[in-house]
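What follows is a short report on a single structure.
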Amino acid sequence: MRQLNIAIIGQGRSGRDIHGAFFNSDANGGRFKVVAAADEIAERRQRAETEYGSDCAVYSDWRSIFDRRDIDLVINSTFSYEHYPVTLEILERGFNVVTEKPAAMRADEVRRLIAKAAEKGVMYNVFQQSRFTPYFDQVKKVIASGVLGRIIEIDISFDGFSRRWDWQTLQCMGGGSLYNTGPHPLDQALNLLDMYDVMPGEGLNVFCRMDRVNTWGDAEDYVKLILTAKDKPLIDLMISSCNPYPCFTYRIQGQYGGLKGSMAEMEWKWYDPAEAPAQKLIREPLASEEGMPKYCGETLKWHSDSWSGSGSAAFNSAVDRYYTMIYEHLVNGAPLEIHAGQVVQQIAVIEEAHRQNPLSVDFMLPEAEE
């Protein structure tokens, strides 16, 4: 089995705690080996030497990896606002790249990265692993089964109550709930719509309201995003740090029933039209046998089903499936189920949402303040 050599830029919450943790886990199965790690913080470099082993070189400057010829894949886990320029430079040097979300701050930047990867003959992909979570698989299975009939509305909620004061609350660093949390549920939403070539204002309608509530920065921590398109269900996406009573991750309304559930469990119910009482339109006022006014009423035979999983296991299995996809593509030429072209639409939606909600910029990058 061929082993791919990995370089990770950034050893923070994503670079170490997600990507690095996977490469060091049994799930890796020997397919990947971290041979280089870069971070400006000395303590993180020292930890990387210990955790990845003696074969891993550490660098304070990520550009040092350009001197190597043994790296098969670079993971870009820099600050959000750096994703585009860092990825562009890596691609220019002829390396395959997986970049953390958000892919970029602008849709045109994603397009330029796709073009650069094609020019250099390398792979460019975005870490949208939530597409592979078991709970999202289950949502798609229920919809595809047809038991709910035509889907009318899909509500997706990534919410809770929290206060935040780190760099991801700053607009100048690419922060805010929509750019940071948003790429996960928004990727799922756009996958359900399955019309990736349609941009906002060209057949994809976007309505958004944002607010800043429990943040010490200047970026949003409340997002209500509604997507509509011809012959598609309405999608209501909520990302909020202001909800102490989160109820569901998914709630679906359909022609014959619906679904509700979290990342760990779901239930859905439906009726079979073939089993339902025959009805016809009655124009005259409805009356009971006694001649009293009455409402429509009937007894439907409901069917139900459920699913249960594990929230933490869902995350880990999604990362495994994502990197299995990457491995099979780089080693065996298998097609990518998730590809960067799909992410262009996502970033375009985020851009439109911010256009509708211009927030004051109260902080700048340190070098800009000097």
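We did not get these values from a lab; they are worked out from the coordinates using the rules stated. Computed from a predicted model, the values in this text were never measured in an experiment. Cβ placement follows ideal geometry from the backbone for every residue including glycine, while neighbour counts extend to all protein chains displayed.
Backbone geometry of the range 353-358 corresponds, through the Karplus equation with coefficients 6.51, -1.76 and 1.60 at θ = phi - 60°, to 3J(HN,Hα) couplings of 4, 6, 4, 6, 9, x Hz, x marking Gly and Pro.
Potential lengthening of the chain between residue 278 and residue 262 amounts to 2.2 nm, from the contour at 0.36 nm per residue minus the alpha-carbon distance. Counting every other Cβ atom within 10 Å of each residue's Cβ, 245, 256, 84 order from fewest to most as 245, 256, 84. Loop-located chymotrypsin sites (Phe, Trp or Tyr not before Pro) across the range 96-186 with a Cβ neighbour count of 13 or fewer within 10 Å are 165, with loop assigned by DSSP.
Between residue 316 and residue 299, full extension at 0.36 nm per residue minus the direct alpha carbon distance yields a gain of 1.8 nm. This model, with +1 at the C-beta of Lys and Arg and -1 at the C-beta of Asp and Glu, gives the chain a dipole about its Cα centre of some 600 debye. When Cα Rg over 2.2 N^0.38 Å is calculated for this entry, the matching label among [x] 1.14; [y] 1.25; [z] 2.65 is [x]. When 349, 344 are sorted by how many other C-beta atoms sit within 10 angstrom of their C-beta, beginning with the fewest, the order is 344, 349.
Of the residues 259, 271, 304, the one whose Cα sits farthest towards the positive end of the charge dipole of the range 244-305 is 259 (charges of +1 on Lys and Arg Cβ, -1 on Asp and Glu Cβ, taken about the Cα centre). Our coupling estimate for the range 146-162, obtained by passing each phi through the Karplus curve with A = 6.51, B = -1.76, C = 1.60 and θ = phi - 60°, is x, 5, 7, x, 5, 7, 9, 8, 10, 9, 10, 10, 10, 9, x, 10, 7 Hz, Gly and Pro reported as x. For the range 235-243, backbone phi angles converted through the Karplus equation (6.51, -1.76, 1.60; θ = phi - 60°) give residue-by-residue couplings of 10, 10, 10, 10, 10, 9, 9, 10, 10 Hz, Gly and Pro being listed as x. For the pair residue 106 and residue 162, a Förster radius of 22 Å applied to the C-beta separation gives a FRET efficiency near 0.20, rounded to the nearest 0.05.
Think of the chain as having a plus end and a minus end, set by charges on the Cβ of Lys, Arg, Asp and Glu; of 139, 20, 57, 139 sits farthest toward the positive end of this dipole. Among the listed pairs 116/140; 232/269; 141/224; 260/301; 224/260; 33/116, a Cα-Cα separation exceeding 23 Å is found for 116/140; 141/224; 33/116. Mean-square fluctuations from a GNM of the chain, with a 10 angstrom spring cutoff on Cα atoms, peak among 192, 286, 237 at 286.
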